[in-house]
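Input: a single structure, listed below in structure tokens.
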Amino acid sequence: MRILVVEDDLKLADYLHKALGENGYVVDVARDGIEGRRLALDGDYALLVLDIMLPAVDGFGVLKALREKSRLPVLMLTARERVEDRVRGLEAGADDYLVKPFAFSELLARVGALLRRGATPVNGSASTQLRIADLELDLVSRKAQRAGERLHLTAKEFSLLTLLMRRQGQILSRSTLAEQVWDMNFDSDTNVVEVAVRRLRAKIDDPFKGKLLHNVRGMGYVLELRQ
């Protein structure tokens with residue numbers, strides 16, 4: 001799942017980007033309200049983590065613009081402890097509220113709770129259940145299974161499989177996978193993508209009949225059921 005974090009505190013933004021990424025989410029970061037508003041309205045996100053005190057346009061302004069067009073779940077962050085501020089955020093359409101400083105474990109729990117409510121991004125295209133043949137993925141419970149057998153995936157393997165399943169039938173280049181899953185520019189000298197694909201294939205394909213994850217020579221990888 002892709003999450004948008006709108007936070008102008010560089011240290012906190014970088015921490016959330018890294019920590020959420022380590023828990024299997026794909027994270028984009030905006031550092032002011034104008035960029036955050038643009039990404040929230042135009043992007044395909046499962047959740048928005050939104051700070052209130054932002055330059056250019058504050059969090060309330062971003063939330064107001066978003067609620068005119070979308071029911072994207074919003075978790076608001078603030079250093080303000082006044083009840084009035086929390087009430088204002090909730091009345092403006094925020095789904096939850098977290099006061100700084102906070103424990104990351106609490107933020108992670110609140111993120112999971114919001115995603116379990118089943119809300120979808122603005123275009124309504126997101127699904128929390130993905131399937132191809134007998135391979136199933138639950139994005140909320142973060143469980144994968146094939147032919148009824150539980151698959152034990154690492155966080156990165158789960159993110160990689162999510163991307164492949166969302167775009168099943170499409171050939172994805174190594175550079176696309178590196179950018180989307182590892183948030184890095186592809187370096188031809190690294191084999192991180194090949195190693196990850198090989199390990200994922202060993203879990204989702206090797207023990208089963210009917211191979212799903214295929215190499216396309218010179219182009220990349222595709223997840224599809226071939227007859």
Task: With at most 16 neighbouring Cβ atoms within 10 Å, loop chymotrypsin sites (Phe, Trp or Tyr not before Pro) (DSSP) excluded, longest segment of the chain - done: 1-101
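Whenever you get a sec, compute what percent of the accessible area on the stretch 1-75 sits on carbon and sulfur atoms (1.4 Å probe).
Details: 1600 of 3090 Å².
It is 52 percent, rounded to a whole number.
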Open item on the list: Restricting everything to alpha-carbon atoms, can you work out Rg to Rh for the chain with a Kirkwood hydrodynamic radius?
Closed with: 1.01
Task: Folded to 0 to 90 degrees: helix 33-42 orientation relative to the chain principal axis, Cα - done: 40
Task: Stretchable slack from Lys209 to Asp58, in nm (0.36 nm times residue separation minus alpha-carbon distance) - done: 49.0 nm
- [ ] Determine how large the accessible area of Lys69 is when every protein chain is in place; take a 1.4 Å probe and give Å² rounded to the nearest 10.
- [x] 150
- [ ] Count the DSSP beta bridges whose two residues both fall in the chain, then state the antiparallel fraction as a percent rounded to the nearest 5.
- [x] 50
Open item on the list: Amide H of Leu47 versus every other amide H placed in the peptide plane: which residues, excluding those fewer than 5 positions away on the same chain, fall under 5 Å?
Closed with: Leu4
Task: FRET efficiency estimate (nearest 0.05) - Cβ-Cβ, Lys18 to Arg131, R0 41 angstrom - done: 0.85
TODO: Determine ³J(HN,Hα), in whole Hz, for all residues of the stretch 22-31 in sequence, where each value follows from phi through the Karplus function 6.51 cos²θ - 1.76 cosθ + 1.60 and θ = phi - 60°; x replaces Gly and Pro.
DONE: 5, 9, x, 8, 8, 10, 10, 10, 10, 10
Task: Per-residue [θ]222 nm for the chain (sum of -39500 (n - 2.57) over DSSP H runs n ≥ 4, rounded to 500) - done: -11500 deg cm²/dmol
Task: GluC sites (Glu not before Pro) lying in DSSP loop within the stretch 10-115, provided at most 10 other Cβ fall within 10 Å - done: Glu68, Glu81
Task: Phi to ³J(HN,Hα) by Karplus 6.51 cos²θ - 1.76 cosθ + 1.60 over the stretch 94-111, Hz, x for Gly, Pro - done: 5, 8, 7, 9, 9, 8, 6, x, 9, 7, 4, 4, 6, 4, 4, 5, 5, 4
TODO: Can you tell me the FRET efficiency between Arg167 and Arg71 if r is taken as the Cβ-Cβ distance and R0 is 22 Å, rounded to the nearest 0.05?
DONE: 0.35
Open item on the list: Using a 7 Å offset from the Cα along the Cα-to-Cβ direction at both Phe102 and Ser141, what is the distance between the two label points in nm, to one decimal?
Closed with: 2.6
Task: Integer Hz, Karplus 6.51/-1.76/1.60 couplings in order for the stretch 202-208, x for Gly and Pro - done: 4, 8, 9, 10, 3, x, 10
Task: Violating pairs (Cα-Cα greater than 29 angstrom) within the set Lys156/Lys209; Lys69/Lys156; Lys18/Lys100 - done: Lys69/Lys156
Task: Within the stretch 1-36, backbone nitrogen closer than 16 Å to the virtual label 7 Å beyond the Cα of Ala79 toward Cβ - done: 7-14, 32
Task: Difference of contour (0.36 nm per residue) and Cα-Cα distance, Asp44 to Gln227 - done: 62.7 nm
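The values are calculated or read from the model by the stated rules, or taken from the named source; none is laboratory data. Fair warning: this is a prediction, and the values are worked out from it, not measured in the lab. Every residue, glycine among them, receives a Cβ derived from its backbone with ideal geometry; neighbour counts consider all protein chains shown. With ligands, DNA and RNA removed, areas are computed over all heavy atoms of the protein, side chains included. Shrake-Rupley method; radii C 1.70, N 1.55, O 1.52, S 1.80 Å.
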